[in-house]
Amino acid sequence: MTRDLSSESGRSEENSGPSDVPERRQSGTTCSSRSRLGRRAFLAGTGLVVGTAGARWLWRHTEGFQSADVTVLKAQSYDARLEVLLREGLDELGIDARWARGKSILLKPNLVVPAKESPHANTHPAIICAVAELFRRWDAREVFVAEGPAYYRDSRLVLDESGVTSMLERAGLEYVDLNHDDVFSAENRLGFTGISHFYLPRALRRADLVVSLAKMKTHHWAGLTLSMKNLFGVVPGICYGWPKSVLHAAGIAKSVLDLTATIRPALGIIDGIVGMEGDGPIMGTPKRANLLVMGTNLPAVDATAARLMGFDPQRIPYLRAASGRLGPICSRHIRQCGEPLQGLVRRFELLDHPTMRVFRDA
Amino acid sequence: MTTWIDSARDALVRQRANEPGWGYRVDGRAFVEPTSLASLALLASARDPVSERLAREAADWLAEIQRQDGALGLAAGIPTPCWGTPYAILLWAALGDYQTQRREAAEWLLGVAAKTHPPDATGVISHDTSIAGWPWVENTHSWLEPTAMAVLALRREGHECHPRVREGIRLICDRSVRSGAWNFGNRAVFGSTAPPQAAPTGMALLALAATDVEAGLIEGGCRYLRNALRRMRTPRSLAWGLMGLDAWRERPPEADTWLAKSVAAAGPSGSAPADLAQLMLAASGQTLGLLGVDAFRRSSVR
């Protein structure tokens, strides 16, 4: 099976939101058409319009009747208690050893830069290790770490200089470079971007479960980068480039949704102990939030994290587009487990630039 | 006495995929880039019958999967993207043969250009977005590595003076950060300068070999690499960084030691084919000749 990658990228703007998602035209009538159609047809047509509009309103208001659980935990540092915290957090979601037993689990952290100068840019090695150890205790058949950094083709350098390599060696964990893996073609399950198929790394076929281990960061194009945007690192750079230009050209928000729908991660965990604010995802400054956020529905996880960062999820284009399609983002449809959000919100500042006002008023 | 290069050659020969090429993974199928690099590495390490045979078999395979328009995709059955085309040209040229394949590939490269935009008046993107280099994926923006490799391959094919090559050189110069080093191709975004990286800097210096670009740019790139490579032992960064320094006769005296340590860190059988190939290329005194850089120097002297 062959795919012409270059012909399939959409032409949407970056940060596009649902405004450019094609909507079905409403049926409508005019006075002249009313006289032609007759009273009954007019009433039927009006009813259809009202019904359609009402259904649309209802769908949006209920987010497609979707709901999800998200756990928020306080975590003061990257110390040994992380595994216990994670176990408690997953327990709140009804996830226990049965979830992992016998499974091959791919842990997908966010590793973007050799982190000597900026450890707050990457998912902390202690988080990766704690998650891996927990799943191993739960008798997972295998746990391996996989990432495809978007700005560094030399992923080994990123791992070495961010302390991940030494952690992997101590823990006996395998690392798979998703940028240079063998590839297979998978149908785009959602299709917002107009890309019909994605090339995905072979490692996804090996894994029964994919866990997005994201970092809590602002992002100068997308507003925020959390568990869903983290999935950009799954698609191989040999197919999409460094950075992954095709996805940017197709629209970041749309690409985030399409990849989430296609890859279907089973769990999202966000490292918000020390995140990044300002000029994320790479050049920002550390922001301590002392939080872990986790859940099985990634839009709900990201929406909760957005609130904790002082954002309205409706102002983040990819979250607004995900609402009712991939999951709920409204707080009334998200059951908050663990710590209540009140008192935990830490305002993450955005880059000081006029283009950021789309994500939050100054 | 067996050197690491001998062991690496043996490992590379064993790692050949089911097709007459090499993959990104030891157990993976053949892809254009690692196949070209591995073949070049075998030729660079020893121009013996084994190297010639394996390199020619790889070159024949590349010729088989070459598209009708002259481009090469990633692998058999993956016709796009085509950023690997320059690597195939370099292998074919190193074998001194495959004239038709080289000509058609070069014509395709000359005919393709990355997407451009008017220069960013807002200043968010600091590089000149109107210069057309080469993209990773067709119909997308230019980036450093595909542009540098395209320039290198096209210069190898004698297109030094072609407007596309001159434009590619202009793009490489425009994308430098802090007067001389390079990264994936972003100078600065929203006023923040992206950090330089060793492999793209090395590729840029290779592509610019024996050109008359601003001397400060070259000096800055070499200075960055001389400092950065002291601590880097990952194959990709170390190898391309050293090849870039070689292109400007700036090879550090410790280079061979660094290369040996890089191999030792993974062990020859534990390294992926592309990693071994890159290290072998950086170790060999024949590489610049195979890539055409020696010829660039000779023509620039004249």
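The values are calculated or read from the model by the stated rules, or taken from the named source; none is laboratory data. In this text the structure is predicted, and so the values were computed from the model without any measurement. Cβ: placed from backbone, ideal geometry, glycine included. Neighbour counts: every protein chain shown. Quick note on the areas: whole protein, heavy atoms, side chains included, nothing else; ligands and nucleic acids left out. Shrake-Rupley method; radii C 1.70, N 1.55, O 1.52, S 1.80 Å.
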Please list, in order along the range A:187-196, the HN-Hα scalar couplings obtained from phi with the Karplus expression 6.51 cos²θ - 1.76 cosθ + 1.60 (θ = phi - 60°), rounded to whole Hz, x for Gly and Pro. 5, 5, 6, 10, x, 4, 7, x, 7, 7
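Interface B/A, total buried accessible area with a 1.4 Å probe, nearest 100 Å²?
It comes to approximately 3200 Å² buried between B and A.
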Based solely on its DSSP helices, what 222 nm [θ] is calculated for chain A when runs of n ≥ 4 H residues each add -39,500 (n - 2.57) and the sum is averaged over all residues, nearest 500 deg cm²/dmol? -9000 deg cm²/dmol
Going by alpha carbons, how many degrees (0 to 90, nearest 10) lie between the helix axis of A:82-92 and the longest principal axis of chain A? 30
Two decimals is fine: what is log10 I(q)/I(0) at q = 0.14, 0.33, 0.34 Å⁻¹ for the range B:222-266, from a Debye sum with one equal scatterer on every Cα and no solvent? -0.26, -1.35, -1.40
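Report, please, the projected area of the protein assembly as shown averaged over directions, based on the convex hull of its C-alpha atoms, in nm².
Projected area, direction-averaged: 32.7 nm².
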In whole Hz, what ³J(HN,Hα) sequence does the range A:319-331 give by Karplus (6.51, -1.76, 1.60; θ = phi - 60°), x for Gly and Pro? 6, 4, 6, 6, 4, x, 9, 10, x, x, 10, 6, 5
Within 10 Å of the Cβ of an average residue in A:233-242, the count of other chain Cβ atoms is 5
At least 50 Å² of accessible area lost relative to the chain alone, listed for the range B:182-219 with a 1.4 Å probe: B:Phe184, B:Phe190, B:Gln197
So for the range A:258-343, what are the equivalent ellipsoid semi-axes in whole Å, largest first, each being the square root of 5 times an eigenvalue of the Cα gyration tensor? 20, 16, 13
Translational D in µm²/s for the range A:176-307 (Stokes-Einstein at 10 °C, 1.306 mPa s, Kirkwood Rh from C-alpha pairs): 106
Can you give the extra length, in nm with one decimal, that the chain gains between B:Arg230 and B:Ala215 once fully stretched, where that is 0.36 nm per residue apart less the Cα-Cα distance? 3.1 nm
Round to a whole number: what % of the accessible area of the range A:238-327 belongs to carbon and sulfur, probe 1.4 Å? 46
Debye calculation, C-alpha points only, no solvent: report log10 I(q)/I(0) for the range B:126-191 at q = 0.13 Å⁻¹, in the same order as the q values. -0.33
Please report the antiparallel percentage of the DSSP beta bridges confined to chain A, to the nearest 5. 45
Hey, could you get me the Stokes-Einstein D for chain A, Kirkwood radius over alpha-carbon pairs, 25 °C and 0.890 mPa s, rounded to whole µm² s⁻¹? 116
When the accessible area of the range B:29-84 is split by element with a 1.4 Å probe, what percent falls to carbon and sulfur? 51
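Would you mind checking A:Lys116/A:Lys287; A:Lys103/A:Lys244; A:Lys74/A:Lys217; A:Lys116/A:Lys244; A:Lys103/A:Lys215 for any pair whose Cα atoms are more than 21 angstrom apart?
The answer is A:Lys103/A:Lys244; A:Lys116/A:Lys244; A:Lys103/A:Lys215.
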Just by accessible area at a 1.4 angstrom probe, what is the order of A:Lys108, A:Lys74 from largest to smallest? A:Lys74, A:Lys108
Distance between modelled label sites at B:Val50 and B:Ala260, nm, 7 Å Cα→Cβ extension: 2.1
So, taking all protein chains as they sit and a 1.4 Å probe, how much accessible area belongs to B:His117, in Å² rounded to tens? 90
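Between A:Ala97 and A:Thr62, what FRET efficiency follows from the Cβ-Cβ distance if R0 is 30 Å, with the result rounded to 0.05?
On the way: r = 34 Å, r/R0 = 1.13.
Computed FRET efficiency for A:Ala97 and A:Thr62: 0.30.
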Using a 1.4 Å probe, what is the accessible area per residue for the protein assembly as shown, in Å²? 38
Can you find, among B:Pro235, B:Ala266, B:Ala181, the residue sitting farthest towards the positive end of the charge dipole of the range B:154-302, where Lys and Arg contribute +1 and Asp and Glu -1 at Cβ? B:Ala181
Residues with amide H under 5 Å of A:Asp271's amide H, sequence separation 5 or more or different chain, H placed in the peptide plane at 1.01 Å from N; which? A:Ala214, A:Lys215, A:Met216
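Dipole size in debye (nearest 20) for chain A around its Cα centre, Lys and Arg Cβ +1, Asp and Glu Cβ -1?
Numbers: 46 positive and 39 negative charges, 344 e Å.
The dipole magnitude comes to about 1660 debye.
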Normalised Cα Rg of the range B:159-255, dividing by 2.2 N^0.38 Å with N its residue count, works out at 1.04
Within straight-line cross-link reach of A:Lys254, aspartates and glutamates at Cα separation under 16 Å, skipping those fewer than 8 residues along the same chain: A:Glu8, A:Glu13, A:Glu14, A:Asp20, A:Glu23, A:Glu187, A:Asp302
When DSSP beta bridges are limited to those with both residues in the protein assembly as shown, what percentage is antiparallel, rounded to the nearest 5? 50
Measuring from centroid to centroid over Cα atoms, what is the spacing of the range A:169-207 and the range B:197-226 in Å? 34
Which value, in Å² and to the nearest 10, is the accessible area of B:Lys115 when all protein chains are kept and the probe is 1.4 Å? 90
Please report how far the C-alpha centroid of the range B:36-64 lies from that of the range A:235-256, rounded to the nearest whole angstrom. 33
Residues whose placed amide H lies under 5 Å from that of A:Ile329, excluding near-sequence neighbours: A:Gly324
Using only the heavy atoms of the protein chains and a 1.4 Å probe, how would B:Trp136, A:Trp99 rank by accessible area, largest first? A:Trp99, B:Trp136
In nm, the gap between the two label points placed 7 Å beyond Cα toward Cβ at B:Asp6 and A:Gln342 is 7.6
Where does the Debye-calculated log10 I(q)/I(0) of the range B:190-302 sit at q = 0.17 Å⁻¹, using only Cα point scatterers of equal weight, no solvent? -0.79
From a point 7 Å beyond the Cα of B:Val124 in the direction of its Cβ, which residues of the range A:214-238 have a backbone N at a distance under 20 Å? A:217-226, A:229-230, A:232
How much of the DSSP bridge set in the range A:67-214 is antiparallel, in percent, rounded to the nearest 5? 30
The extension gain from B:Asn18 to B:Cys161, computed as 0.36 nm times the residue separation minus the Cα-Cα distance, is 47.5 nm
Near B:Gly180, within a Cβ-to-Cβ distance under 14 Å, what is the net charge of the other residues, with Lys and Arg +1 and Asp and Glu -1? +1
FRET efficiency estimate (nearest 0.05) - Cβ-Cβ, A:Glu174 to B:Arg178, R0 35 angstrom: 0.45
